[in-house]
Structure formats: structure tokens, C-alpha cells
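K.L.:
Handing you this structure, nothing more for now.
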Amino acid sequence: MTNPTDGARSVTAVTKEDGVKMYRVTNTCGLGIADFATWADATLDAAAPCLLEAAQNARNVLAALVLGDLKEVKADSPALLMLRAAIAKAEGR
């Protein structure tokens, strides 16, 4: 997830020239992607690439369970850890 066009994203509070407080989402290169009026919207947007990757990984694990290629999923499995981290990022934690 290091692609500068859609990789890791971060959220910072900014005050625009007109005094309005916004939340800016930037990528790994520091380029502003978008401004949002609420922290919740900004953190969800920033987490979108991580959420997609975690959901795809979880889908693959579930498919392996259903097909019998995988017998169990442990609490510390990479798929679950990735999903927990992505959800935490979307929640702004």
C-alpha cells in the first residue's frame, strides 16, 4: 500500500483562508486529496484503501474456510489483525 496515488493516507485539521476549519486527507507524498467538513468523513476516506484491502483479504479467508482449504482462523491471524486495524483507522483511532 505504498502507491503514492492511493496508498497510506492521513488526516490533519486545517483552517482555510476564510477561517473555516476543515479536515484534509493527504497521501504518502503529502499531496492533498480532499477536504472534509467532519472528522468522521475524513477518517473514513483516509481508511478507504486499508478497508478495501482488509475486506478482500477477509473474503479470501472466508472462501478458504467454506471450501475446506482452511480449518480455522485464529484470533491473531493476519487477516483479522488487518481488518481490526482498518476499522480502527476508519473510526479515527
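K.L.:
ARG84: basic (Lys, Arg) and closer than 30 Å to LYS16 by Cβ, yes or no?
P.N.:
no
K.L.:
Does the range 42-52 contain any residue that is closer than 19 Å to ALA13 by Cβ and open to solvent by 60 Å² or more (accessible area, probe 1.4 Å)?
P.N.:
Yes, the range 42-52 contains at least one residue that is closer than 19 Å to ALA13 by Cβ and open to solvent by 60 Å² or more (accessible area, probe 1.4 Å).
K.L.:
So for the range 56-67 (the condition being over 22 Å from GLU91 (Cβ atoms), in a loop (DSSP other than H, G, I, E, B) and open to solvent by 70 Å² or more (accessible area, probe 1.4 Å)), does at least one residue qualify?
P.N.:
no
K.L.:
Quickly run through the range 71-93 and pick out the residues that are outside any helix (DSSP H, G or I), open to solvent by less than 60 Å² (accessible area, probe 1.4 Å) and among the aliphatic types (A, V, I, L, M).
P.N.:
VAL73
K.L.:
Test ALA86 against the criterion of being in contact with a strand residue (DSSP E or B) (Cβ under 8 Å, 6 or more places away or on another chain) and not basic (Lys, Arg), and give yes or no.
P.N.:
Values: in contact with a strand residue (DSSP E or B) (Cβ under 8 Å, 6 or more places away or on another chain): no; not basic (Lys, Arg): yes.
No: the conditions fail for ALA86.
K.L.:
Follow-up question, since we're still on this one. Counting just the residues of the range 27-47 that are assigned to a helix (DSSP H, G or I) and touching a residue at least 24 places away in the same chain (Cβ under 8 Å), which one comes out farthest from ALA86 (Cα to Cα)?
P.N.:
TRP39
K.L.:
Among (1) touching a helix residue (DSSP H, G or I) at 6+ places or on another chain (Cβ under 9 Å); (2) closer than 14 Å to SER10 by Cβ; (3) in a loop (DSSP other than H, G, I, E, B), where does ARG24 come up short?
P.N.:
Result: ARG24 fails condition (3) only.
The values are calculated or read from the model by the stated rules, or taken from the named source; none is laboratory data. This structure is a prediction, so every number in the text was calculated from the model and none was measured. Quick reminder, even Gly has a Cβ in these numbers, built from the backbone with ideal geometry, and neighbours come from all protein chains shown. These area figures cover heavy atoms from the full protein model, side chains too; ligands, DNA and RNA do not enter into them. Shrake-Rupley method; radii C 1.70, N 1.55, O 1.52, S 1.80 Å.
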